[in-house]
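Novice: Encoded as structure tokens, here's the structure I'll be asking about.
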Amino acid sequence: MSESAPVRVLVLGYGNPGRCDDGLGPALVESLAAEALPGVTIDADYQLAVEDAAVIAEHDVVIFVDAAVKGTEPFYFRPVIPSPVVSFSTHSLSPESLLGLARDVFQKERPGYVLGIRGYEFNEFGERLSPRAAANLERARDFIGRVLRQGNWAAAVTGSDE
């Protein structure tokens, strides 16, 4: 990629909007889509899947957005290290596994980051966010909007998910 080539960023939000705060990832990318940032592809799904590795390989940077059951409030932003260990099943894969697949199958090593938005209500059914999670969503939305406009991912890294 030349210095003048535009950076292609994939923002991939995942989670189940029908499980309250588990829908934070899709909620963030839905609100971000309205901004139509140049070079930014927005996608949402219930879970990460093997097919996502091909989409990741077509981009220069990937940002995974998910609800966080624990960890830093209101959100964290951390780098993802590709993992060579992949287990195939009908259930979701991790961001680490997807970056590993993009690298190993498509020969495309991409920097990746996780934006984990702290949620609180996960054991109920309903397409709503708890008030605290909604406030965290707004702060995460402002943060990632700035990061996408500035393009300085490494400088944006915050706490961890521990």
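FYI, it's all coordinate maths here, none of it is from the lab. Remember, it's a predicted structure, so these values are computed and weren't measured experimentally. Using ideal geometry, Cβ is built from the backbone for each residue, glycine included, and neighbour counts are taken over all protein chains shown.
Novice: So the check is Cβ under 7 Å with 6+ separation or different chains; which pairs have a first residue in the range 41-62 that's under 15 Å from VAL7 (Cβ atoms) and a second one that's outside any helix (DSSP H, G or I) and of a type in the set (Gly, Ala, Ser)?
Specialist: From residues that are under 15 Å from VAL7 (Cβ atoms), the pairs are VAL62/GLY112.
Novice: Which of the residues belonging to the range 99-126 are exposed (fewer than 14 other Cβ atoms within 10 Å of the Cβ) and touching a Lys or Arg at 6+ places or on another chain (Cβ under 9 Å)?
Specialist: Of everything in the range 99-126, those that are exposed (fewer than 14 other Cβ atoms within 10 Å of the Cβ) and touching a Lys or Arg at 6+ places or on another chain (Cβ under 9 Å) turn out to be GLU109, ASN123, GLU124, PHE125, GLY126.
Novice: Can I ask one more? Of all the residues that make up the range 38-52, how many are within 14 Å of VAL147 (Cα to Cα) and surrounded by fewer than 16 Cβ atoms within 10 Å (Cβ to Cβ)?
Specialist: The first filter runs over the range 38-52 and keeps only residues within 14 Å of VAL147 (Cα to Cα), leaving 38-40.
Checking the rest, the ones that are also surrounded by fewer than 16 Cβ atoms within 10 Å (Cβ to Cβ) come to 38-39.
Residues that pass the stated criteria total 2.
Novice: Give the residue that is farthest from VAL9 (Cα to Cα), with candidates limited to residues of the range 129-144 that are exposed (fewer than 15 other Cβ atoms within 10 Å of the Cβ) and in contact (Cβ under 8 Å) with a residue 40 or more places away in the chain.
Specialist: ALA135
Novice: Can you spot a residue in the range 10-30 that is under 17 Å from ARG146 (Cα atoms) and free of Cβ contacts under 8 Å to residues at least 24 places away in the same chain?
Specialist: yes
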